[in-house]
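A short worksheet on the structure shown next.
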Amino acid sequence: MIDPKENVSWSWSRTDTKELRKKIIEKYNGSCFMCGVTNSARSLEISHIVPLSRGGELSEDNLIALCSSCHHLFDRQPREVEFVSFLSELLSHHQNYKNLRQQSILGSETRYRADILVDQQFGRSVRTLLIECKSYLAQNSLYIQSVISQLSAYKAAYGDCRMVFAVPATLKESDARDLRAANIDVWDLNYIANTFAAQIEQASPSYYKALFLTLITRPDGLTQEQKLLDSLESCVPGRKDCYVYQTLIGEIFEFLFTPPLGKPIPELSDKLEANRRDFIVPNYTEKGFWSFLREKYEADYIVIDAKNYTRKVKKSEVLQIANYLKSHGAGLFGLIISRKGGDASGCEHTLREQWLIHRKLILVLDDDDVKAMLVAKSDGRQAEEILAQKIESFRLSM
């Protein structure tokens with residue numbers, strides 16, 4: 001919430017924030033965006049559509065007016081059923097879709113519950129779409145395969161239909177390709193925004209309406225996320241561009257996570273100057289993912305090594321960053337960001353050893369992980385999701 005009595009951002013004065021608050025309330029005609037209650041009946045608050053911690057900006061386009069009750073609902077993580085309801089509303093208002101059914105039971109011996117069944121008119125033909133909705137997009141390789149298996153089982157139970165996977169996020173091209181190879185249509189963030197733009201404008205106020213409206217009204221031209229993705233693609237792995245890559249990783253990490261984290265401090269060494277790290281990122285956050293990391297994994301600082309290798313990270317690189325991690329120093333959490341990730345023998349074994357014996361949690365990220373974080377931020381999701389999934393995958397594999 002923006003409070004005119006406090007500074008929301010170091011670059012905004014109290015006067016700036018007060019004027020912006022007034023402008024947003026006037027933009028929404030003095031009414032709550034979600035429930036319509038007026039400012040005279042209940043004091044309105046200003047909320048970020050995409051939170052600052054997820055890369056949102058303190059700008060008119062990223063702010064809405066909400067009453068306190070709706071603000072509380074808007075700020076929590078939306079449930080999957082809300083995405084199902086939102087997509088159902090879009091379909092029900094589109095002239096090409098009829099006979100919409102939610103949560104239909106399929107099958108006899110083995111029974112399933114389908115999110116959405118709807119008839120689609122295309123040309124002179126009609127076909128039934130069986131739509132599986134997910135609000136969460138996991139990065140592990142088994143996730144899309146489980147979606148394919150799930151939809152295939154649903155189709156076998158239902159009969160003749162067209163399978164659709166719907167998710168309010170941008171899929172990796174490899175995931176989209178696997179889905180299409182299984183004859184499953186992909187309805188991702190951009191497809192839904194482009195296909196149902198008119199229906200989104202008319203939809204009932206909700207988290208997802210705000211999310212998609214932000215995408216639809218985004219100015220033309222390259223976003224900062226795309227510029228960084230292009231820079232990553234053009235950076236050639238190898239010793240020649242090692243400092244170009246190091247600088248780029250610093251820029252990407254700062255763009256993704258500052259705030260809430262502090263600005264990355266480059267090339268720090270310990271007192272003996274025996275161990276030097278590319279970046280140290282202060283972590284003073286009091287809530288959310290980074291606070292959890294500090295409390296659970298002693299991540300008082302995020303220690304980062306950037307490796308522009310043409311090969312995979314090995315045991316020696318893990319030991320190098322591990323030597324810098326100290327409970328009474330920078331903390332016990334580190335990231336190695338390298339083009340091809342870590343190898344399956346020495347690197348993985350050493351990562352497990354450092355966690356089991358020394359309680360040092362070190363993650364190795366590759367190009368796909370960095371790209372996934374930038375795409376997540378572009379989608380209005382938390383880039384931290386990718387790190388959380390890496391930790392979950394590591395811990396659950398122990």
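Any read-out appearing in this document is the output of simple, stated calculations on the displayed coordinates, not a laboratory observation. Computed from a prediction, not measured in an experiment: that's the story for all the values here. All Cβ positions, glycine included, derive from the backbone under ideal geometry; neighbour counts span all protein chains shown.
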* Asked: In degrees from 0 to 90, rounded to the nearest 10, what is the angle of the helix 207-216 Cα long axis to the longest principal axis of the chain?
  -> 80 degrees
* Structure fact -> If unit charges are put on Cβ atoms (+1 for Lys and Arg, -1 for Asp and Glu) and the dipole of the chain is taken about its Cα centre, the option from A176, S59, N308 lying farthest towards the positive end turns out to be A176
* S149: net charge of surrounding residues, Cβ under 13 Å, Lys/Arg +1, Asp/Glu -1, itself excluded? -> -1
* Just for the Cα atoms in the chain, what are the lengths along the principal axes, largest first, rounded to whole Å? -> 73, 59, 37
* Structure fact -> 1/(1 + (r/R0)^6) with r = Cβ-Cβ of T223 and A198, R0 = 30 Å, i.e. FRET efficiency to nearest 0.05, evaluates to 0.80
* Asked: Short version: ³J(HN,Hα) in whole Hz for each residue of segment 260-265, in order, from phi by Karplus 6.51 cos²θ - 1.76 cosθ + 1.60 (θ = phi - 60°), x for Gly and Pro, what are they?
  -> x, 6, x, 5, x, 9
* Structure fact -> For segment 225-396, shape from the Cα gyration tensor axes a ≥ b ≥ c, cut at a/c of 1.5 then a/b versus b/c, turns out rounded
* Asked: Any idea what angle helix 288-297 forms with the longest principal axis of the chain, computed on alpha-carbon atoms, 0 to 90 degrees, nearest 10?
  -> 40 degrees
* Structure fact -> Amide H neighbours of K360 at under 5 Å, excluding residues fewer than 5 places away on the same chain, with H built from the backbone geometry, are W355
* Asked: Any idea how far the Cα center of segment 150-170 sits from the one of segment 350-398, in Å?
  -> 29 Å
* Asked: How far is helix 14-27 tilted, in degrees, relative to the longest principal axis of the Cα atoms in the chain, given as a value from 0 to 90 rounded to the nearest 10?
  -> 20 degrees
* Structure fact -> Taking every DSSP bridge whose two residues both lie in the chain, the antiparallel percent to the nearest 5 is 60 percent
* Asked: Tally Lys/Arg at +1 and Asp/Glu at -1 over every other residue whose Cβ is under 14 Å from the Cβ of A198; what's the total?
  -> -1
* To do: For segment 77-173, run through the GluC sites (Glu not before Pro) and keep only the ones in DSSP coil with at most 15 other Cβ atoms within 10 Å of their Cβ.
  => E109
* Given 10 as the ceiling on other Cβ atoms within 10 Å, longest exposed-site-free region of the chain for trypsin sites (Lys or Arg not before Pro) in DSSP loops -> 125-270
* Between V81 and N323, what is the label-to-label distance in nm when each label sits 7 Å out along the Cα-to-Cβ direction? -> 5.5 nm
